[in-house]
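Report on one structure; see the data block that follows.
The values are calculated or read from the model by the stated rules, or taken from the named source; none is laboratory data. Since this is a predicted model, take the numbers as computed values, not measurements. For neighbour counting, all protein chains shown are included, and Cβ atoms are generated from backbone atoms with ideal geometry for every residue, glycine included.
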Amino acid sequence: MVKLSHSVIETLKTQTRGSVLLPEDPGYEASRKIWNAMIDRRPAGILQCAGVADVMLAVSVARDNGVLVSVRGGGHNIAGSALCDDGLLIDLSAMKSVHINPDTRRAYVEPGASLGDFDHEAQAFGLATSLGINSTTGVAGLTLGGGFGWLTRKHGLTVDNLISVEIITADAKRMRASADENSDLFWAVRGGGGNFGIVTMFEFQLHPVGPEILAGLIVYPFEDAETVLNAYRRFVDNMHADLNVWVVLRQAPPLPFLPEAVHGKDVVILAVFFDGDPVQGMSVIEPLRSLGQPCGEHIGPMPFKAWQKAFDPLLTPGARNYWKSHNFAELSDGAIATAIEFADKLPSPQCETFIALLGGQSSRVTPDATAYSARDTRFVMNMHARWESDQQDQSCIAWAREFFAKVEPFATGSVYVNFMTEEEVERIPSAYGVNQNRLEKIKKKYDPDNFFRVNQNIKPSA
């Protein structure tokens, strides 16, 4: 690999508006830190881009000089793809403008924006789109991998709400891609990750949401896990279109509505979201409130923005994280039994299993309509190992891997690319399924030399 030379550094310093940070500079250490503390890489230089011209120059100079690059949006990706060793980090985190056109219900979003930034602007007009569940997540990475959250059943995946992108390709040219313009590239970026260029602007379709929705938690004791999960899978088969319910198996956090005796105990949490009339919502979720004797519940009308931040305290940056994940078409008896088994032996208080519910509108799209192909996915089970000390690395990683292997026979075989760790190169074809060959051909067209390769990499076709 080519080193970042003095001449390249000088070019970036003198010809960009952004700041160039080297390892000896103040601010370098803070700028190379990302959400997952397991990832510890040291770029030779960091360009904190101030605008599109900086991105274009960085790509041009790095390409012409054979310099390895990584690209950072929100820096939230579990695999740590934002960072590379010894190359150039193209840091987009300062480019976080969000412009809302309430008349056309469109959002124009730069790649450094977080979900919190997006919601702050869109909710001023009572609008939202289908994004994730954690306000510190970057819009760019979430979108490029497919994207799902509370609104997915009603409005589809994030990429189903993407109207166009402006993208800097490997030849350092700016292109616009949409259904009508460079449509093959637009198809590829809707789930194909950062393999095809650096998106500098996302255009989204918006929907009326909030500003108040009905949401909250119902917490059941762990001894009721089998009853609750069996009832849950029956309930969601004929669930109201405005409703979404996720399951979390973990130790109870010290939530104020839970008795102190429950804090730190294994529990089953139903996370409930209803985008509609709150009175109707309470009626719709009533069956979920009577599956046994809850430890506690907290459900009511609240700002959509507040609900989007509800899980932030459990997902703060700086902890060590390791994920394994499977997609499921159904929650079989075996899948439920395995989830309960491993929830009963969590290796750290922060470890958890969450089961996200998709389906609805996201499943009405054909697998080849976007690069994201796993349209038969109704449930995503994420084995989220999280801990503080590197002395726990072995036990926490082993828990996730063992869990993953045991529940695999009940899964579809596909995987959500944004939940893949850096070691899972062999699973990339599982992330794209029937679309893998087409993606490789489009990669060859737009990035034949695999310049953008610090990612879950799609190699150009031979």
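Within segment 101-141, the set of residues being surrounded by fewer than 20 Cβ atoms within 10 Å (Cβ to Cβ) and of a type in the set (A, V, I, L, M, F, W, C) comprises ALA124, PHE125.
Are any of the residues in segment 383-390 surrounded by fewer than 14 Cβ atoms within 10 Å (Cβ to Cβ), hydrophobic (A, V, I, L, M, F, W, C) and closer than 25 Å to VAL159 by Cβ? So far as segment 383-390 goes, no, none of its residues is surrounded by fewer than 14 Cβ atoms within 10 Å (Cβ to Cβ), hydrophobic (A, V, I, L, M, F, W, C) and closer than 25 Å to VAL159 by Cβ. The set of residues in segment 385-429 being more than 16 Å from the chain's Cα centre (by Cα), acidic (Asp, Glu) and not in a helix (DSSP H, G or I) consists of GLU388, GLU423, GLU424. Applying the condition of being assigned to a strand (DSSP E or B) and without any contact (Cβ under 8 Å) to a residue 60 or more places away in the chain to segment 65-122 and asking which residue is farthest from MET420 (Cα to Cα) yields ASN101. Among the residues of segment 1-43, the one identified as among the hydrophobic types (A, V, I, L, M, F, W, C), without any contact (Cβ under 8 Å) to a residue 60 or more places away in the chain and within 25 Å of ASN321 (Cα to Cα) is ALA30. A search for C-beta distances below 9 Å between a residue of segment 357-372 that is of a type in the set (D, E, K, R) and any residue that is outside any loop (DSSP other than H, G, I, E, B), counting only pairs 6+ apart in sequence or on different chains, returns ASP368/TRP187; ASP368/VAL434; ASP368/ASN435; ASP368/ARG438. Is it the case, given these coordinates, that SER461 is over 27 Å from ASP86 (Cα atoms) and crowded, with 22+ Cβ neighbours inside 10 Å? Against the criterion (over 27 Å from ASP86 (Cα atoms) and crowded, with 22+ Cβ neighbours inside 10 Å), SER461 does not qualify. Here HIS155 does not qualify as farther than 18 Å from THR200 by Cα and out of contact with any strand residue (DSSP E or B) (no Cβ under 7 Å at 6 or more places or on another chain). For segment 311-349, the candidate set comprises residues that are hydroxyl-bearing (Ser, Thr, Tyr) and assigned to a loop (DSSP other than H, G, I, E, B); within that set, the residue that is farthest from TYR432 (Cα to Cα) is SER348. Could we say that ASN65 is under 24 Å from HIS120 (Cβ atoms) and polar (S, T, N, Q) here? For ASN65, the condition - under 24 Å from HIS120 (Cβ atoms) and polar (S, T, N, Q) - is not met. Each residue in segment 349-377 was checked for being within 19 Å of ARG190 (Cα to Cα) and either under 18 Å from the mean Cα position of the chain (by Cα) or not assigned by TED's automatic domain parsing to the domain that holds ALA405 (or both), and 10 pass.
Just give me the residues in segment 313-355 being at pLDDT below 95 and not polar (S, T, N, Q), in sequence order. Break it down into steps so the answer makes sense when it comes.
First pass over segment 313-355, keeping only residues at pLDDT below 95: 313-318.
The answer is PRO313, LEU314, LEU315, PRO317, GLY318.
For segment 142-152, check the following and say yes or no: at least one residue is in contact (Cβ under 8 Å) with a residue 12 or more places away in the chain and either surrounded by fewer than 24 Cβ atoms within 10 Å (Cβ to Cβ) or in the same structural domain as ASN65 (by TED's automatic domain parsing) (or both). Taking every residue of segment 142-152 in turn, none turns out to be in contact (Cβ under 8 Å) with a residue 12 or more places away in the chain and either surrounded by fewer than 24 Cβ atoms within 10 Å (Cβ to Cβ) or in the same structural domain as ASN65 (by TED's automatic domain parsing) (or both). Within segment 23-64, the only residue that satisfies the criterion of being among the aromatic types (Phe, Trp, Tyr) and either at positive phi or not in a helix (DSSP H, G or I) (or both) is TRP35.
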